[in-house]
Amino acid sequence: MTKLNKYLFAFAALLIVNIGFSQEKINPIIKGYGGIIDAPFAVEKPDTKLEYKIVIDIATGDADPKAVMYSLENVARLLNLHAMGGVPAKNMKVVLAIHGQAIWSTLDNDTYRAKYGVDNPHIPLFKELEGAGVKLFACSQSILGRDIDHTKLAPGIKVATSMLSTLTTYQLKGYAALKF
């Protein structure tokens, strides 16, 4: 093998590896969040005929108030992954039960800014999730336990009796429960 052929072979190998590892993320439903990588080789895929009913326990907050919480970003990923798998948006019924340390993400922008000194990065995501039909519930027990004014929640956030009652009610209605 000549020196030129060795270089060409090495270049071709690097190009193939680079193409394989440089997949661009896509966002079929939630455009600004939850980017996913297309998986055309997957053999286990969502059933496009099912109605996906999912209630999600969102409890964990993140340390950086400037960043969207991983748990909420993961909700966007869930919707994007099912869309990539061919599930129609009308077949996705998703409910969030937000409580614990995650409750701080539900504050309106002025209240969040007063607490953390930055705009609430979750509000644009909440808007996209609500636009996709996701029901967003804040636990009143977490709100009351932290002395949060229930009138100071982000647009689209509704108050539930509790995370516990939301989870049990939706599970009894046939919703699969996830915890992020």
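The values are calculated or read from the model by the stated rules, or taken from the named source; none is laboratory data. Just so you know, these numbers come straight off a predicted model, no measurement behind them. Cβ placement follows ideal geometry from the backbone for every residue including glycine, while neighbour counts extend to all protein chains displayed. These accessible areas exclude ligands, DNA and RNA; they are computed on the full protein's heavy atoms, side chains included. Shrake-Rupley method; radii C 1.70, N 1.55, O 1.52, S 1.80 Å.
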Point to revise | Spin-label zone in segment 103-132 - amide nitrogen under 14 Å from a point set 7 Å from the Cα of Val159 along the C-beta vector | key: 107-108
Study note, to complete from the structure: If amide H atoms are modeled at 1.01 Å from N in the peptide plane, then the residues at a separation of 5 or more from Ile30, or on another chain, having amide H under 5 Å from its own are Asn80
**Study point:** Vicinal HN-Hα couplings computed from phi for segment 56-69 (Karplus, 6.51 cos²θ - 1.76 cosθ + 1.60; Hz; Gly/Pro x)
**Key:** 10, 7, 10, 10, 8, x, 10, 6, 9, x, 7, 10, 5, 4
**Study point:** Amide H contacts under 5 Å for Lys93, placed H, 5+ residues apart
**Key:** Tyr52, Lys53, Ile54
Review point. In segment 76-108, which trypsin sites (Lys or Arg not before Pro) fall in coil by DSSP and have 15 or fewer other Cβ atoms within 10 Å?
Key: none
Check your understanding: Between Ala42 and Glu130, how many nm apart are label points set 7 Å from Cα along the C-beta direction?
Key -> 2.9
Exercise for review: Only one of the values [x] -0.40, -0.48, -0.63; [y] -0.33, -0.40, -0.55; [z] -0.30, -0.38, -0.55 was calculated from this structure for log10 I(q)/I(0) by the Debye sum over Cα atoms at q = 0.08, 0.09, 0.11 Å⁻¹; name its label.
Suggested key: [y]
Check your understanding: What is the antiparallel percent of DSSP beta bridges lying wholly in the chain, to the nearest 5?
Key -> 15
**Study point:** Paramagnetic reach from Asp119 in segment 54-98 [backbone N under 15 Å; point 7 Å along Cα→Cβ]
**Key:** 66-68
Review point. What is the Cα centroid distance between segment 114-167 and segment 57-111, reported in whole angstrom?
Key: 11
Point to revise | Theoretical gain in end-to-end length, Leu144 to Ala176 [0.36 nm per residue, Cα-Cα removed] | key: 8.8 nm
Check your understanding: Suppose every K and R has +1 on its Cβ and every D and E has -1 on its Cβ; what is the size of the dipole of the chain about the Cα centre, in Debye to the nearest 20?
Key -> 360
Check your understanding: What residue among Lys152, Lys25, Lys135 shows peak mean-square fluctuation when the chain is described by a Gaussian network model with Cα springs under 10 Å?
Key -> Lys25
Exercise for review: Keeping every protein chain in place, order Leu144, Leu78, Leu96 by accessible area at 1.4 Å, biggest value first, i.e. largest first.
Suggested key: Leu144, Leu78, Leu96
Check your understanding: Expressed in nm to one decimal, what extension gain is obtained for the pair Lys90 and Glu51 from 0.36 nm per residue of sequence separation less their Cα-Cα distance?
Key -> 13.2 nm
Review point. What list of ³J(HN,Hα) values in whole Hz, one per residue of segment 101-116 in order, does the Karplus curve 6.51 cos²θ - 1.76 cosθ + 1.60 (θ = phi - 60°) give from phi, with Gly and Pro shown as x?
Key: 5, 5, 4, 5, 5, 8, 5, 5, 4, 5, 5, 4, 4, 5, 7, 10
Practice item. Considering only Val95, Val43, Val68, give the residue with the highest GNM mean-square fluctuation for the chain, with springs between Cα atoms whenever their separation is below 10 Å. Key: Val43
**Study point:** 0 to 90° range, to nearest 10: angle between helix 3-21 axis and the chain longest Cα axis
**Key:** 20
Point to revise | Per residue solvent-accessible surface (Å²) - the chain, probe of 1.4 Å | key: 58
Exercise for review: Could you look at the chain and say what percent of its accessible area is carbon and sulfur, using a 1.4 Å probe and all protein chains?
Suggested key: 60
